[in-house]
Every structure is written in C-alpha cells, then in structure tokens.
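The values are calculated or read from the model by the stated rules, or taken from the named source; none is laboratory data. Treat the numbers as computed from the prediction; the structure is a model and nothing was measured. Backbone-built Cβ (ideal geometry, glycine too); neighbour counts: all protein chains shown. Accessible surface is based on the protein model in full, side chains and every heavy atom, while ligands, DNA and RNA are left aside. Shrake-Rupley method; radii C 1.70, N 1.55, O 1.52, S 1.80 Å.
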Amino acid sequence: MGYKSLPLVGITGFIIGLVLTIQSRPTLAKFGAESWLPAMVAVSIIREIGPAITALIFAGKVGSGIGAELASMNVTEQINAMQVSGTNPFKFLVVTRVLSATLMLPILVILSDAIGLLGSFFAINLKGSVQRFPFFSQIFQGTEFNDLIPATIKTFFFGFAIGIIGCYKGYYSNKGTEGVGKAANSAVVIASLMVFIIDMIAVQITSLFQAKSGINKLIANTSNMIKDEI
C-alpha cells in the first residue's frame, strides 16, 4: 500500500505543485503580490489539495485493490475455508488492511506535499531564478502548525474510511466474477465520496476552532489594552 503507491503519488504531487504555481503566478503578478506565491502554494497544497488528491488516488489504487482481492477470495471460497479451519478471517484479512491504509495514507500525503513543493520550486525557476533558501524560507514563514496538524489528522480518517469501505465491499461481495468487478468499482466510488464528506466535516470543525481561537486572542488583546490604559 505504501511504497507501491509512492511513484503515482509522487508524480501527481509534483504535477500539482507545478501546475498550481504556473496558473497562480500571472494573477498574483497583476496585483504585485508575486512574492507571496511560495507561501500561497504551500498553504494550498498542505491544507487541502495535497491530502484530498492523494486520498483520491489512494482510493482508486488501494481501495479497488482491496475490494477486488477480498471479492476474489470470497468467490473462490477462500474465506469460508479460513472459517472452517478455525482461523478468524476478519482478523487476518480486514484488520490488517484497514490498519495499513490508516497508517500509510498520512505518510504518503506528507511525501506528496513535499514533492509538490519541489514542483512549485521548479515551476518558479522556469521564468526566473529563485534560490532554494529564500523560496523555502517564505514557505516556512507563511505556514503554521495550525495548517499542518488538522490536514494530517484528517488523513488518518481518510485512510480508515478507504480501508473499511474496500474491505466491506470485498468481504460481502456477490458470488461470481461479476461480483469482483462490482466490489472494486463500488469501493472506489464510495471511498472517493467519503473522502469529500470527511474533508467537508474536517474543514467545518477546523474553522470553528480557528474562530474560537481568534475570539480568545481578541479578548486577550482587549483586556491587555484596558490594563495598559488603567
């Protein structure tokens, strides 16, 4: 699930950073804000684009693979054979795959974000010359832990949902070869939809906490100003 998905995830991340930088540069140049390009691209990739696109690729590659594999095992009655032999198929077939998907997707997202930033650096140097230190310095100055932590936490839920849905569709697939195709297809469709739903919920929760944090900072600053006046 991890290293075999890395080439596809890495290429996609590089292209995302490259295209996003090329498309955003003319608009920022019109407003004289071209210097903000590295920070803007970094925030966009880290917060939303990197986790969402990587999760969709993961759902298409790994989710369909899990669904098809377990469905084929169900068709050939390998799962029934495990039950007859006294082995718990849920423990060996489902738990391991769900745990692997949950742990590997965040790592792939972090690697995809890093490769995407390299793609952005390459795109900026297509029409100019920017040194590595100023470029990545602007990225670190423009991003905070509040950008990285929520984006990383929600990827665990992405991986868990993809693993659960793929295992469910494969484990309870219909008999026959047609059931294998339906299990793989439905696993990808439902897992991709769940990625968007979880992402929407995560954005709402993050916005709520950020709003509360902003209100608390405003209250603290106001109280400090009052104390200074007194």
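Could you pull out the residue among 114, 187 that is buried (at least 20 other Cβ atoms within 10 Å of the Cβ), modelled with pLDDT of 80 or more and of a type in the set (Gly, Ala, Ser)?
Selected residue: 187, the only one of 114, 187 that is buried (at least 20 other Cβ atoms within 10 Å of the Cβ), modelled with pLDDT of 80 or more and of a type in the set (Gly, Ala, Ser).
Residue by residue, here is whether (1) in contact with a Phe, Trp or Tyr (Cβ under 7 Å, 6 or more places away or on another chain); (2) under 27 Å from residue 201 (Cβ atoms) holds:
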position	(1), (2)
37	no, no
42	no, yes
53	no, yes
64	no, yes
80	no, no
85	no, no
94	yes, yes
119	yes, no
126	no, no
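So which helices (runs of 4 or more DSSP H) are wholly in the stretch 46-120 and hold at least 3 residues that are in contact with a Lys or Arg (Cβ under 7 Å, 6 or more places away or on another chain)?
Passing ranges, in order: 64-75.
State whether one or more residues within the stretch 82-89 are within 23 Å of residue 182 (Cα to Cα) and at pLDDT below 85.
yes
Considering only the stretch 16-47, how many residues are in contact (Cβ under 8 Å) with a residue 40 or more places away in the chain, open to solvent by 30 Å² or more (accessible area, probe 1.4 Å) and closer than 26 Å to residue 102 by Cβ?
Looking only at that region, the number is 3.
Only residues that are touching a Lys or Arg at 6+ places or on another chain (Cβ under 9 Å) and either over 21 Å from residue 40 (Cβ atoms) or outside any helix (DSSP H, G or I) (or both): list them for the stretch 144-163, please.
Hit for the stretch 144-163 is 163, nothing else.
May I ask you to verify whether residue 135 is modelled with pLDDT under 85, under 14 Å from residue 42 (Cβ atoms) and aromatic (Phe, Trp, Tyr)?
yes
Could you tell me which residue of the stretch 132-173 is farthest from the chain's Cα centre (by Cα), considering only residues that are open to solvent by less than 20 Å² (accessible area, probe 1.4 Å) and among the β-branched types (Val, Ile, Thr)?
139
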